Amino acid sequence: MFDSKNPQRTPISDLGEFGLIDHLVKNAKTKLSNTALAVGDDAALIDHGDHFTAISTDLLVEGVHFDLSYVPLKHLGYKSVVVNLSDIYAMNGVAEHITVGIAVSNRFPVEALEEIYEGIHLACERYNVDLVGGDTTASQSGLMISVTATGRVEKGAEAKRSGAGDNDLIVVSGDVGGAYMGLQILEREKQVFLENPEMQPELGGHEYILERQLKPEARKDIIELLKGLDVQPTSMIDISDGLSSEILHLCKNSGLGCRAYEEKIPISQESLDTCEEFKLEASTIALSGGEDYELLFTIDPKDLEKVENHPNFSVIGYMTKESDVNLITKGGKTTPISSMGWKSF
Ligand code: ADP
Ligand code: MG
């Protein structure tokens, strides 16, 4: 407890983001019998008999999550919705409603907010969700957008982080690392611009990764695809912090370890090329870059033939009873996967 006469000041960085959440809510017991799943997954689940309502919140803060010197406001509005819907899809649900909280300083004119809302409305249109409320307030320092999304998850279809079984296969949708490399391009061009405002940004040839960073999409299509293929993921999480961090979450919550193969990690050609340009190791970026908003899930091995060789899926490894979370490198070496995801603190 914070006592102003005897202030004990523990820096938040001592705990880290996940440690802090654990610390704050570890003793919180839920009271209601319909609270089926509380803190600790991509979304909470509320039991409604034949289905669950999934609920998730994300907060985006200027200077921490976005830099308005290169993020267009319309894209920001779009992304703030999409990152939330991604958490609903990560429960194998259908997103339905959002509310939007916005704190804004007087340096933003009405037109700026209109642009943000253009993006919000566009995302609502694309993902078939309704904006049903929110809150608006003044801010002393910059812009903050908080979105809460709810969705419907059919009973039996829910995919928690904790459901993976021994030998289940680990699958990633799409490709990873692109959003991080898009950010590198934007940061580089920002520096060039700061040093020489006459220079035009050189963004050509990087369209895919820039879009991955500025206008990500949530994988609603993957949820529909899995349903069509009759594949029930045994566990699932969205890739917001980075593949390695999300693999660790699935393993920890499922009480298992895994073996993932470096050569199986899907990376786009544009990301590979850009990594070379920046002299960065593509696998490291794919494992620890954030914000790809792909889905990471496990499946029963009997479903392998439904997903293997599918352009949207990469099977990257399997879960193990032994608790070690390991990467098998291209050279055949076994090395522990450590969390190197985004840390805001
Ligand atoms: P995600 O990356 O999927 O958005 P987070 O890592 O942000 O998930 O959060 C992990 C879990 O902790 C989630 O279940 C989330 O609801 C919960 N959580 C995060 N911050 C808080 C908070 N301040 N109070 C209560 N629960 C929180
Ligand atoms: Mg998530």
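Within the range 120-142, the residues that satisfy the criterion of being modelled with pLDDT of 95 or more and either assigned to a helix (DSSP H, G or I) or open to solvent by less than 40 Å² (accessible area, probe 1.4 Å) (or both) are ILE120, HIS121, LEU122, ALA123, CYS124, GLU125, ARG126, TYR127, VAL129, GLY133. Just one of the numbered conditions (1) closer than 17 Å to VAL153 by Cβ; (2) surrounded by 15 or more Cβ atoms within 10 Å (Cβ to Cβ); (3) more than 16 Å from ligand 2 (Cβ to nearest atom) is not true of ASP50: (2). Being away from ligand 2 (no atom under 14 Å from the Cβ) and assigned to a strand (DSSP E or B) holds for only one residue in VAL61, VAL81, VAL71, and it is VAL61.
Contact annotation: residue pairs with Cβ atoms under 8 Å, 6 or more positions apart or on different chains, pairing a residue in the range 52-71 that is on the phi > 0 side of the Ramachandran plot with a partner that is buried (at least 16 other Cβ atoms within 10 Å of the Cβ), are GLY63/GLY142. Listed here are the strands (runs of 3 or more DSSP E) enclosed by the range 262-345 that have at least 2 residues being within 26 Å of VAL231 (Cβ to Cβ) and open to solvent by less than 60 Å² (accessible area, probe 1.4 Å): 294-299, 313-320, 325-328. Filtering the range 227-245 to residues that are buried (at least 22 other Cβ atoms within 10 Å of the Cβ) and in contact with a Lys or Arg (Cβ under 9 Å, 6 or more places away or on another chain) leaves SER235, MET236, ILE237, ASP238, ASP241. Of all the residues in the range 98-108, those that are under 18 Å from LEU59 (Cβ atoms) and either of a type in the set (Ser, Thr, Tyr) or open to solvent by 50 Å² or more (accessible area, probe 1.4 Å) (or both) number 2. The listed residues are GLY163, GLY205, and the only one of them that is more than 21 Å from GLU277 (Cα to Cα), touching a residue at least 60 places away in the same chain (Cβ under 8 Å) and either under 15 Å from the mean Cα position of the chain (by Cα) or not in a helix (DSSP H, G or I) (or both) turns out to be GLY163. Of the residues in the range 153-171, at least one is open to solvent by 50 Å² or more (accessible area, probe 1.4 Å) and of a type in the set (S, T, N, Q). Of everything listed in (1) open to solvent by 50 Å² or more (accessible area, probe 1.4 Å); (2) within 11 Å of ligand 1 (Cβ to nearest atom); (3) closer than 23 Å to VAL147 by Cβ, the single unmet condition for LEU37 is (1).
The values are calculated or read from the model by the stated rules, or taken from the named source; none is laboratory data. Computed from a predicted structure; not experimentally measured. Please note: Cβ atoms are built from the backbone with ideal geometry, for glycine as well, and neighbour counts cover all protein chains shown. Remember, those area values only see protein heavy atoms, side chains included, never the ligands or the DNA or RNA. Shrake-Rupley method; radii C 1.70, N 1.55, O 1.52, S 1.80 Å.
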